[in-house]
Structure formats: structure tokens, C-alpha cells
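A quick write-up on the structure given underneath.
The values are calculated or read from the model by the stated rules, or taken from the named source; none is laboratory data. Computed from a prediction, not measured in an experiment: that's the story for all the values here. Here the Cβ positions follow ideal geometry from the backbone for every residue, glycine too, while neighbour counts run over all protein chains shown. These accessible areas exclude ligands, DNA and RNA; they are computed on the full protein's heavy atoms, side chains included. Shrake-Rupley method; radii C 1.70, N 1.55, O 1.52, S 1.80 Å.
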Amino acid sequence: MNDLRIRAAGPADLDAVLAFWKEAAEGISISDDRAGIERLVARDPEALILALRGAELVGTVIAGFDGWRCHLYRLAVHPDRRRQGIGSALLAAAEQRFLALGGRRGDAMVLDDNERAHRAWGAAGYAPEPQWSRWVKPLAH
């Protein structure tokens, strides 16, 4: 794992990230497009964190902080690179970011039927809060 580099994404990385999510991430989001990811990086340049081995993108996580809560999205590791500590390294970087910003608790968006993700998040110390449900309303057509 000593050849793993963790860094924030920049504008030149965005197409590769979108392609990576199609291969490595579960589910899709209304924001999974060029305009959505450009807004993210423009608004918070440190939020989209990448893991690279050499020039190969092997993992991502979005670590968004709105000044009140710490939100984690799009933790994804390339299928051929799983169980090598990449997800743990990404979460450690995200948690360090949150602590530096004054965050107190991280929350993660995890698909209900993604058992592999449940195991990974649980191993990292996260747990579901069954008293909460996510309520959404799409704002764009």
C-alpha cells in the first residue's frame, strides 16, 4: 500500500472520475454528470478525494462538509483492487479533513441492498441509525 497516493481531485480528473464510477460505484445519482461534479469541485475543491496507484485511479470518496454536518458519498474502490486498504485510506483522509474543519460526526449514504458496502462501513466503525430515513425531492428534471 506504500505506493498509494491520496489527493483531492482537480478539473483534469473529472472525466476519469465519472468513468470510474460507472465501473466501480453502486447505483447512480442525479448528480453523476459533468456539470454536477464540476459544481462540487468548484464549490469545495478538497471534497472529492482520489486514491491512485501510479496513474491508475483506484478509489474515490466525496467528503462534503457544510459547516454543520460531515457527509460521505461515493466511496468506491475498483473491483480488482478491493480488500487492499484503499477504502480505509480514503476514509481516513476524509475523516482527517472533517476533523480539520471542526466536524464532529461523519454520516454516509449507503444503499440498503449493498451488503458489501454494509460490511465495509461497519468495519470502519460506522453504523446505521434506524430511526432516520432519507427524504428526497429531485429539483431538476
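Using the Kirkwood radius built from alpha carbon pairs, what does the Stokes-Einstein equation give as D for the chain at 25 °C and 0.890 mPa s, in µm² per second? List each step's numbers first, then the result.
Values: Rh = 15.6 Å.
Value of D from the Cα-based Kirkwood radius: 157 µm²/s.
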Most positive-pole-ward Cα, L91, P45, A9, against dipole of the chain from beta carbon charges: L91
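Set the Förster distance to 35 Å, then compute FRET efficiency between W132 and D80 from the Cβ-Cβ distance, nearest 0.05. Each step should come with its number before you reach the end.
Working: r = 34 Å, r/R0 = 0.98.
Result of the calculation: an efficiency of 0.55.
Please compute the contact order of the chain in relative form: average sequence separation of alpha-carbon pairs under 8 Å and at least six residues apart, divided by the residue count, as a percent.
Working: 183 pairs, mean separation 30.3, N = 141.
Dividing the mean separation by the residue count of the chain yields 22 percent.
On a 1.4 Å probe surface of the protein chains, which of L111, L139, L75 comes out largest in accessible area, and what is the full order?
Values: L111 85, L139 155, L75 50 Å².
Greatest to least solvent exposure: L139, L111, L75.
Taking K and R as +1 and D and E as -1, what net charge do the other residues with C-beta under 15 Å from the C-beta of R105 add up to? Walk me through the numbers before you get to the answer.
On the way: positive: R69, R97, R104; negative: D66, E95, D107, E129.
Residues close to R105 contribute a combined charge of -1.
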Antiparallel bridges, percent of DSSP beta bridges restricted to region 45-141 (to nearest 5): 80
nm² value of the averaged projected area, convex hull over the Cα atoms of region 1-76: 5.3
Net charge, D32 excluded, C-beta distance under 10 Å - Lys, Arg +1, Asp, Glu -1: +2
With DNA, RNA and ligands ignored, accessible area of S88 (1.4 Å probe; Å², nearest 10): 80
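Compute the accessible area per residue over region 52-141, keeping the other protein chains in place, probe 1.4 Å, unit Å².
On the way: 6350 Å² over 90 residues.
Result: 71 Å² per residue.
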Solvent exposure, largest accessible area first (probe 1.4 Å, DNA, RNA and ligands not counted), of W68, W132, W121: W68, W132, W121
Estimated inter-spin distance, E46 and L111, nm [label 7 Å along Cα→Cβ]: 3.1
